[in-house]
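The values are calculated or read from the model by the stated rules, or taken from the named source; none is laboratory data. Since the model is a prediction, treat every value here as computed from it, not as a measurement. All Cβ positions, glycine included, derive from the backbone under ideal geometry; neighbour counts span all protein chains shown. Remember, those area values only see protein heavy atoms, side chains included, never the ligands or the DNA or RNA. Shrake-Rupley method; radii C 1.70, N 1.55, O 1.52, S 1.80 Å.
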Amino acid sequence: MRPFALCAFFMISCATNRFVADHSISVIDDQTKAFFRESSLIFAGQAAPSMLKMLDGLIISSPKNKALLVRGAHLYCGYAMILVEDEDKELAVLLYRKGYHYALRALKRVVKDFDRLLKGDPDEMQKALENLDSKEVPAVFWAGACLAGYINLNLDDADALADIPKMLAFARAALALDERYFYAAPHFLLGTYFGSVGEAFGGNPAASKEHFHRHFALTEGKFLLGKVYYAKSYLVQTQAKEEFRKVLQEVLEAQIDVDPDAALANQAAKRKASALLERIDDIFP
């Protein structure tokens with residue numbers, strides 16, 4: 001094949017791959033819905049890597065497609081939090097980092113001078129993010145959630161801790177854009193942070209309680225992971241042992257199909273609640 005013909009062939013091939021990738025969003029959304037509706041943690045865990053690698057391939061075919069990048073951030077973060085971090089922290093760190101970088105790539109598509117803002121004052125970045133259209137909240141939120149997951153698994157790393165102000169900027173901007181996004185996830189994220197760290201690092205029990213109670217109100221308590229993280233952050237920080245036991249027992253007794261779209265997260269919440277209750281005497285000596 002002549003060089004010109006070979007070049008033309010590859011150009012057509014790349015264009016075809018990009019076309020397929022760009023028109024795959026509805027399929028990815030259906031797969032994502034099916035994933036989070038799965039009630040078997042084992043089956044979901046076995047299926048997730050193939051789904052994620054397929055999404056990686058689509059992003060390679062269309063690297064500037066913001067919709068694909070956001071979905072990549074969402075799925076990598078969700079997979080790490082729900083199914084991986086309790087079992088394999090090293091893998092979870094890699095997953096959170098990959099999701100975070102996908103979210104950053106998405107934000108570069110919509111935020112002017114984003115690279116400069118990311119390296120600069122977190123307050124300036126937060127203001128720029130808050131000025132986005134509310135439809136951009138997924139990229140903003142998953143950037144914060146992925147970064148929070150990464151920080152939580154690297155609390156002995158000074159560089160990771162230095163990213164806390166950046167994580168808070170993403171979380172607060174997401175809250176300003178749409179507090180209801182993905183089961184009131186901005187409140188979930190901020191409630192967990194303020195309830196997990198000491199006051200020297202910005203912890204604030206009152207703020208944690210306020211965010212969690214708003215999260216419960218907006219989700220009608222149907223997203224059980226919220227109760228688990230309320231227990232393991234705010235209730236541990238305030239040493240409320242009996243309420244800790246009560247809340248986690250409520251999670252164990254709840255029906256996972258109270259919201260079919262959250263079946264996987266709710267099943268994971270039950271596993272996390274059971275593990276925490278087994279350690280209650282170590283958590284509250």
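A few remarks follow.
- Counted by Cβ distance under 15 Å from Ala174, the other residues give a net charge of +1, where Lys and Arg count +1 and Asp and Glu count -1.
- Distance between the pseudo-spin-label points of Lys119 and Lys33 (7 Å out from Cα toward the beta carbon): 4.2 nm.
- Summarising the label geometry, the points placed 7 Å from Cα in the beta-carbon direction at Val110 and Ala217 lie 2.7 nm from one another.
- Legend: calculated FRET efficiency, Ile42 to Asp261, from the Cβ-Cβ distance at R0 = 25 Å, rounded to 0.05, equals 0.80.
- Highest-fluctuation residue, Ala34, Ala73, Ala273 considered, GNM on the chain with Cα pairs under 10 Å: Ala34
- Each residue of the range 133-146 was assigned a 3J(HN,Hα) from its phi angle through the Karplus expression (A = 6.51, B = -1.76, C = 1.60, θ = phi - 60°), giving 5, 4, 5, 8, 4, x, 5, 5, 5, 5, 4, x, 5, 5 Hz with x at Gly and Pro.
- Apolar share of the accessible surface for the range 107-158: 42 percent from carbon plus sulfur atoms, 1.4 Å probe.
- Entry comment: accessible area of the range 19-130 is 51 Å² per residue, from protein heavy atoms only and a probe of 1.4 Å.
- Karplus (6.51, -1.76, 1.60) ³J(HN,Hα), θ = phi - 60°, over the range 171-178, in Hz, Gly and Pro reported as x: 5, 5, 5, 4, 4, 5, 6, 6
- Residue-averaged [θ]222 nm for the chain, counting only DSSP H segments that reach four residues, each worth -39500 (n - 2.57): -23000 deg cm²/dmol
- The spacing between the range 100-115 and the range 141-172, judged by their C-alpha centroids, is 16 Å.
- Point-to-point label distance, Glu199-Leu252, nm (Cα→Cβ direction, 7 Å offset): 3.4 nm
- The structure-derived value of Rg and Dmax of the Cα atoms in Å appears in the list (i) 20.5, 63; (ii) 26.4, 86; (iii) 20.0, 77 under the label (iii).
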